[in-house]
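**Student:** Before I ask anything, let me first share the structure, which is written out below as structure tokens.
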Amino acid sequence: MRDLRPGPAGPADRGSTLPFVLVCWLVAALMVFGAIAASDAFLEQQQVQAVCDGAALAAADRADEATVYSRGVGSELPLSRAAAEAAVADQLADADARLDAWSATTDGAEVTVRCTRSAQIAFSWLFLGGRPLERTAVASARAPTAP
């Protein structure tokens with residue numbers, strides 16, 4: 001009959017917990033590093049979105065004056081692409097925003113701004129191979145008018 005009582009570890013069992021503990025620590029470290037990198041990427045996205053929102057609002061606030069003076073204001077302010085682009089450029093310069101690229105388009109009543117920025121996030125060497133993470137945001141705005 002075999003003795004099942006706990007006793008001292010035999011020679012074959014010695015050191016077998018060390019690799020398990022090291023693997024657990026490695027997994028825990030990767031989870032912590034991943035959470036930090038994800039948080040950094042999220043905050044970067046929020047910053048790009050805030051810049052893009054401000055630019056869209058500034059563009060929607062700049063009506064096409066020639067159209068306003070010639071046809072008046074209907075249910076919405078008329079917007080032109082040139083005025084929208086100028087307003088976005090002014091807003092980005094005033095906000096000292098660092099963007100890699102941006103574009104502004106309008107259908108005449110609503111303006112849409114797309115902003116892109118590449119950013120180095122924490123532990124990008126581990127998760128992205130050292131490359132920057134590209135963040136893109138899109139914002140739209142329409143200038144309301146009184147009925």
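**Student:** With the checklist (1) buried (at least 17 other Cβ atoms within 10 Å of the Cβ); (2) over 19 Å from the mean Cα position of the chain (by Cα); (3) in a loop (DSSP other than H, G, I, E, B) in hand, flag the one item Ala83 doesn't pass.
**Tutor:** (3)
**Student:** Identify all residues within the stretch 104-121 that are of a type in the set (A, V, I, L, M, F, W, C) and under 16 Å from Ala41 (Cα atoms); write none if there are none.
**Tutor:** Passing the criteria: Cys115, Ala119, Ile121.
**Student:** Of the numbered conditions (1) at pLDDT 90 or above; (2) surrounded by fewer than 10 Cβ atoms within 10 Å (Cβ to Cβ), Gly15 fails exactly one; give the number of that condition.
**Tutor:** Unmet condition: (1).
**Student:** Taking the stretch 97-133 as the region of interest, how many residues are touching a residue at least 40 places away in the same chain (Cβ under 8 Å), over 20 Å from Arg81 (Cα atoms) and either of a type in the set (Ser, Thr, Tyr) or part of a loop (DSSP other than H, G, I, E, B) (or both)?
**Tutor:** The qualifying residues number 5.
**Student:** Another question, if that's okay. Could you please give the count of residues in the stretch 104-137 that are loosely packed, with under 14 Cβ neighbours inside 10 Å and either aliphatic (A, V, I, L, M) or closer than 17 Å to Ala55 by Cα (or both)?
**Tutor:** So the count comes out to 3.
**Student:** Mind listing whichever residues of the stretch 96-131 are under 17 Å from Arg62 (Cβ atoms) and in contact with a helix residue (DSSP H, G or I) (Cβ under 6 Å, 6 or more places away or on another chain)?
**Tutor:** Once the filter is applied, which keeps residues that are under 17 Å from Arg62 (Cβ atoms) and in contact with a helix residue (DSSP H, G or I) (Cβ under 6 Å, 6 or more places away or on another chain), the stretch 96-131 yields Ala104, Thr106, Val111, Val113.
The values are calculated or read from the model by the stated rules, or taken from the named source; none is laboratory data. Just so it is clear, the structure is predicted and the values come from calculations on it, not from any experiment. Note that we place each Cβ from the backbone using ideal geometry, even for glycine, and neighbour counts take in every protein chain shown.
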